[in-house]
Amino acid sequence: MNIKRFYAVFKARNIEFFRDRSSLGWNLIFPVLLLIGFSVIFSGDGRPAYKVGIINSVTEGKAQAESVQDSFKNIRFIDYINYDTVELANKKLSHHTIDLVIDVSTSQYWVNNESSKSYLVEKILNVPLKNYIRLETVGKEIRYIDWVLPGILGMNMMFSCLFGVGYVIVRYRKNAVLKRLKATPLSAFEFVSAQLLSRLFIVIFISTVVYSGCNFLFDFLMIGSYFDLIIIGMLGAFCLISLGLLVASRSKSEELIGGLLNLTSWPMMMLSGVWFSLEGAPSALKTVADFLPLTHLVAGARQIITEGATLGDISYHVTSLLVMSAIFLSLGAYFFSWNTER
């Protein structure tokens, strides 16, 4: 790789983006408007449904869990979520993600005295739980604005990565810019690398500015490390940019690339936990979500922010993003075409 040629393309792309004030302004204002809107809409107590975690770490426990659910079946507006360990369930309870935890194998249940929902669920289930031992869990409630923050930032990064790369590559190809660049000493690897790192720099810069600015307004919760958050953000952005390069690797039509990018982005926006938790969702839906890069970006960032997780704790999400990035980048480089001809 020739560093001078690489840097020239990298610099040119950054200048092109920052001179487009409408695009720059939209990338800065859109996530702020979403955060303000959700802070107003969800400033109350949230959804009315209650969630009860049931521990079924042993086979007998699973059978008992089913019988417990059967005994509660006439009680509406309660969702039952199975957990393998008490520790995981209690962590969810301490963060007010669920409202009560029942361990059917030890005849114990936990409540969060700082949660109004936990108090109400205990009263509702008072008769079925009369033979259980009552235990307590404490923890600070996580505001919806704190919970949804990683999703909004991740969604903004997704659109910036996919459309910012996809449309640019197709426009260059359609306007014969790529054809002219092919006649220069610039290699495909240098061009693609410069586009990738340029967009990565832009996305991280925009996300940092948005987070820092909104933090003065909302005083976001941050339990984990900012360094870990930046790392998972960079990995997620890199993966999404690689996906954008793959989608735009051969397309020559702006109409077609728009449809392909929408087809790529909408499933991620709906199934990646951006707006709502996938706790208790069908296993098939969770399996599909695991194949989406935004799922691992949002889940990893959310665990760092709300649970204080480290990169080691979210190694599954880190590994998934690295593997997906390698696959997308390899396929994108293989199918990449300079010309408008198929």
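The values are calculated or read from the model by the stated rules, or taken from the named source; none is laboratory data. Values in this document were obtained by computation on a predicted structure and should not be read as measured data. Neighbour counts run over all protein chains shown; Cβ positions are idealised from the backbone, glycine included. Calculation scope for accessible area: heavy atoms of the full protein, side chains included, ligands and nucleic acids excluded. Shrake-Rupley method; radii C 1.70, N 1.55, O 1.52, S 1.80 Å.
Here are the numbers for this structure:
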{"item": "Lys pairs, the stretch 110-195 - Cα-Cα below 30 angstrom, 8 or more residues apart or on other chains", "result": "5"}
{"item": "Surface accessible to a 1.4 Å probe, Ser283 within the full protein complex, Å²", "result": "90"}
{"item": "Built amide H within the under 5 Å cut-off of Val101, gap 5+", "result": "Gly53, Trp110"}
{"item": "From phi via Karplus (6.51, -1.76, 1.60), per-residue ³J(HN,Hα) for the stretch 254-271 in Hz, x at Gly/Pro", "result": "5, 5, 5, 5, x, x, 5, 5, 5, 4, 7, 7, 5, x, 5, 5, 8, 10"}
{"item": "Nearest-ten-degree value, helix 226-247 long axis tilted from longest Cα axis of the chain", "result": "60"}
{"item": "Per-residue HN-Hα couplings for the stretch 204-209 [Karplus 6.51, -1.76, 1.60; θ = phi - 60°; Hz; x = Gly/Pro]", "result": "5, 4, 4, 5, 5, 5"}
{"item": "Solvent-accessible area per residue for the chain (1.4 angstrom probe, square angstrom)", "result": "50"}
{"item": "Computed lengthening from Gln108 to Glu254, 0.36 nm per intervening residue step minus Cα-Cα distance", "result": "46.6 nm"}
{"item": "Solvent exposure, largest accessible area first (probe 1.4 Å, DNA, RNA and ligands not counted), of Tyr50, Tyr109, Tyr334, Tyr167", "result": "Tyr334, Tyr167, Tyr50, Tyr109"}
{"item": "The chain: radius of gyration over Cα atoms, expressed as a fraction of 2.2 N^0.38 Å", "result": "1.17"}
{"item": "For the chain, calculated [θ]222 nm from helices alone, where every DSSP H run of n ≥ 4 adds -39500 (n - 2.57)", "result": "-21500 deg cm²/dmol"}
{"item": "Test item: Cα-centred dipole of the stretch 75-176, Lys/Arg +1 and Asp/Glu -1 on Cβ, debye", "result": "620"}
{"item": "Val209 accessible area, assembled protein chains, probe 1.4 Å, Å²", "result": "60"}
{"item": "Whether the stretch 222-304 is rounded, prolate or oblate, judged on the alpha carbon gyration tensor where a/c under 1.5 counts as rounded", "result": "oblate"}
{"item": "Amide H contacts of Thr137 (H built 1.01 Å from N, under 5 Å, at least 5 apart or other chain)", "result": "Val111, Asn112, Asn113"}
{"item": "Nearest-0.05 FRET efficiency for Lys286 and Val127, computed from C-beta distance (R0 35 Å)", "result": "0.60"}
{"item": "Rough spin-label spacing in nm, given labels placed 7 Å along Cα→Cβ, for Phe18 and Phe276", "result": "4.2"}
